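Colleague: Structure incoming, see below.
The values are calculated or read from the model by the stated rules, or taken from the named source; none is laboratory data. Because the structure is a prediction, the values reported are computed rather than measured. Cβ placement follows ideal geometry from the backbone for every residue including glycine, while neighbour counts extend to all protein chains displayed. What goes into the accessible areas is simple: the full protein's heavy atoms, side chains included, and nothing from ligands, DNA or RNA. Shrake-Rupley method; radii C 1.70, N 1.55, O 1.52, S 1.80 Å.
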Amino acid sequence: MIMVVQTSYGDIEFGFYPTVAPKTVDHIFKLVRLGGYNTNHFFRVDKGFVAQVADVASGRSAPMNEEQRKEAEKKIVGEFSDVKHVRGTLSMGRYDDPNSAQSSFSMLLGNAPHLDRQYAVFGKVTKGDETLSKLEEVPTRREGIFVMPTERITILSTYYYDTKMESCEEERSVLKRRLQASFVEVERQRMKCFP
């Protein structure tokens, strides 16, 4: 499954790690399917470290429906693994409680070994590194421990597609063309034998 985040700076595509962090992947996927991240934003852009998406419940500019709010406010158990925090890694945000992740997550803009086994890694950027590079160039200001963009970087929309289904569609299309060609050949032979 691939998730696409559309921003005014370009698109970013993610692949998920369902065997590494199954509960986290399921939660994020549900939020994407519900349109939870649409109109949300990147509240933090710390060059060489992270671009972090705000929690859905507080970061969206559009109001949420009950189903979106219910999913967004769920707390996810910390699924910590040996997967390293390197550029492109997707990692859940959380508070001090290791089981307090909700919907905020970071895209790593550099290697951050101090986050390893402390935050749940649930996927990685598969396309759009040039968009991450553009985000790193936006003007920022420091607010406590956070480096934040001076302008709102809005997530215009998010969607997903199933890479397996796409592969099946291609195979089905090839099979359909072959069947049509076979049908034409059978008809040609039939007409030749039975004019």
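Colleague: Considering only residues of the range 81-95 that are in a loop (DSSP other than H, G, I, E, B) and among the β-branched types (Val, Ile, Thr), which is most open to solvent (accessible area, probe 1.4 Å)?
Modeller: If we filter the range 81-95 for residues that are in a loop (DSSP other than H, G, I, E, B), which is where we start, we get 81-88, 93-95.
Now restrict to residues that are among the β-branched types (Val, Ile, Thr): 83, 86.
Working: Val83: 45, Val86: 62 Å².
Per the stated criteria, the residue is Val86.
Colleague: I would also like to ask the following. Given the criteria over 18 Å from Leu109 (Cβ atoms), modelled with pLDDT under 95 and assigned to a strand (DSSP E or B), does Gln68 qualify?
Modeller: Against the criterion (over 18 Å from Leu109 (Cβ atoms), modelled with pLDDT under 95 and assigned to a strand (DSSP E or B)), Gln68 does not qualify.
Colleague: Still on this structure, I have one more. Filter the range 124-141 down to the residues that are of a type outside the set (D, E, K, R) and in contact with a Pro (Cβ under 9 Å, 6 or more places away or on another chain) and list them by number. Step through it out loud before you land on a result.
Modeller: Within the range 124-141, the first condition is being of a type outside the set (D, E, K, R), and the residues that meet it are 125-126, 128, 131-133, 135, 138-140.
Of everything in the range 124-141, those that are of a type outside the set (D, E, K, R) and in contact with a Pro (Cβ under 9 Å, 6 or more places away or on another chain) turn out to be Leu135, Val138, Pro139, Thr140.
Colleague: Moving to a separate point now. Mind checking which residues of the range 7-28 are out of contact with any Lys or Arg (no Cβ under 8 Å at 6 or more places or on another chain) and in a loop (DSSP other than H, G, I, E, B)?
Modeller: Matches in the range 7-28: Ser8, Pro18, Thr19, Val20, Ala21.
Colleague: Does Ser61 satisfy the condition of being under 18 Å from Gly128 (Cα atoms), among the hydroxyl-bearing types (Ser, Thr, Tyr), in contact with a strand residue (DSSP E or B) (Cβ under 9 Å, 6 or more places away or on another chain) and in the same structural domain as Thr158 (by the TED database)? I'd like the intermediate steps shown before the answer.
Modeller: Values: under 18 Å from Gly128 (Cα atoms): no; among the hydroxyl-bearing types (Ser, Thr, Tyr): yes; in contact with a strand residue (DSSP E or B) (Cβ under 9 Å, 6 or more places away or on another chain): yes; in the same structural domain as Thr158 (by the TED database): yes.
So Ser61 fails the test.
Colleague: Would you be able to say whether some residue in the range 136-145 is open to solvent by 30 Å² or more (accessible area, probe 1.4 Å), within 21 Å of Thr24 (Cα to Cα), in contact with a Ser or Thr (Cβ under 8 Å, 6 or more places away or on another chain) and not charged (D, E, K, R)?
Modeller: Checked the range 136-145: no residue is open to solvent by 30 Å² or more (accessible area, probe 1.4 Å), within 21 Å of Thr24 (Cα to Cα), in contact with a Ser or Thr (Cβ under 8 Å, 6 or more places away or on another chain) and not charged (D, E, K, R).
Colleague: Right, something else. Applying the selection to the range 34-64, what residues are farther than 22 Å from Val4 by Cβ and of a type in the set (S, T, N, Q)?
Modeller: Within the range 34-64, Ser58 is the sole residue that qualifies.
Colleague: Just a yes or no: is a residue in the range 72-80 part of a loop (DSSP other than H, G, I, E, B) and hydrophobic (A, V, I, L, M, F, W, C)?
Modeller: Yes, the range 72-80 contains at least one residue that is part of a loop (DSSP other than H, G, I, E, B) and hydrophobic (A, V, I, L, M, F, W, C).
Colleague: State whether one or more residues within the range 33-53 are out of contact with any Pro (no Cβ under 7 Å at 6 or more places or on another chain) and in a helix (DSSP H, G or I).
Modeller: Scanning the range 33-53 turns up at least one residue that is out of contact with any Pro (no Cβ under 7 Å at 6 or more places or on another chain) and in a helix (DSSP H, G or I).
Colleague: Residue under question is Tyr37, and the condition is that it be open to solvent by 50 Å² or more (accessible area, probe 1.4 Å), under 15 Å from the mean Cα position of the chain (by Cα) and assigned by the TED database to the domain that holds Asn111; does it hold? Spell out the reasoning first.
Modeller: Working: open to solvent by 50 Å² or more (accessible area, probe 1.4 Å): no; under 15 Å from the mean Cα position of the chain (by Cα): yes; assigned by the TED database to the domain that holds Asn111: yes.
Spelling it out, it is not the case that Tyr37 is open to solvent by 50 Å² or more (accessible area, probe 1.4 Å), under 15 Å from the mean Cα position of the chain (by Cα) and assigned by the TED database to the domain that holds Asn111.
Colleague: I need a count of the residues in the range 52-73 that are of a type in the set (A, V, I, L, M) and surrounded by fewer than 12 Cβ atoms within 10 Å (Cβ to Cβ).
Modeller: 1
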